[in-house]
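Please treat every number below as a calculation from the coordinates, not as lab data. Keep in mind that this is a model prediction, so the values were computed, not measured. Glycine gets a Cβ as well: all are built from the backbone with ideal geometry, and neighbour counts include every protein chain shown.
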Amino acid sequence: MPVSRTRIKFCGLTRPGDVRLAVELGVDAIGFVFAAGSPRRLEPGQALALREAVPPPVAAVALFMDNPAEEVRRIVRALRPDLLQFHGGEDETFCRGFDRPYLKVLAMGQGGTEARQALARYPSASGFLLDGHAPGQRGGSGQAFDWSRAPAPGRPVWLAGGLGPDNVGRAIRAVRPYAVDVSSGIERAPGIKDGAKMQAFVEEVRRADRSGSE
Ligand SMILES: O=C(O)c1ccccc1NCC(=O)[C@H](O)[C@H](O)COP(=O)(O)O
């Protein structure tokens, strides 16, 4: 039986060495944060150097949270990201306005009951990233949610929120997502990734995929 491969996204990288290690470890996507107030937020010049360290087929993901459209346009022009990720109250018209595929984030934390309704509001979304924070909160919070509440939208689910080497195997078995996404679970400080945790996370995802095919 072929092994189904859970894709991996590392998010909130700020250092070239961490990007190089992520690529060597074989992750499928690397997220760069432009959300205001994030300790992982990048300045455009810094982001360009990091983006250039991401070779195809690894996807460079630009991440926003209610950023003004002109700022999103400027970053898309400069970085040429493969995928956008919208974490705030951005509606379908806004999200599809940058000529790039995008993920819409659904906040699944306490009070996040609108997830299922939200699926129908983003018909052009390439997929949905389910995150553990509450609506209106920033991501990168290390908060998990009850995976049994994960919707099955018929489009790729990127599972996030409080994942790490210790629980990502259980998360994969519970949700069978298209991809898993992690930020604080592979860090020693916000934006400062830990190489050993990065490697352990990838190994645990591969282990879960192998056990899923046995
Ligand atoms: O990472 C941030 O600082 C951030 C700030 C504002 C909005 C979103 C943010 N991160 C988005 C991500 O895709 C994170 O990887 C996701 O929320 C999971 O984070 P964690 O629970 O720390 O693994």
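A few comments on the model shown:
- Considering only residues in region 145-169 that are away from the ligand (no atom under 15 Å from the Cβ) and touching a residue at least 24 places away in the same chain (Cβ under 8 Å), the one that is nearest to L83 (Cα to Cα) turns out to be R155.
- Where a residue in region 9-20 is closer than 16 Å to A200 by Cα and its partner, wherever it lies, is among the charged types (D, E, K, R), with Cβ under 6 Å and at least six apart: K9/D181; C11/D181; D18/K193
- Filtering region 57-90 to residues that are in a helix (DSSP H, G or I) and not hydrophobic (A, V, I, L, M, F, W, C) leaves E70, E71, R73, R74, R77.
- Any hit, region 126-144, residues being in contact with a Lys or Arg (Cβ under 6 Å, 6 or more places away or on another chain), without any contact (Cβ under 8 Å) to a residue 60 or more places away in the chain and not polar (S, T, N, Q): yes
- Residue among V23, V19, V54, V27 that is crowded, with 17+ Cβ neighbours inside 10 Å and not in a loop (DSSP other than H, G, I, E, B): V19
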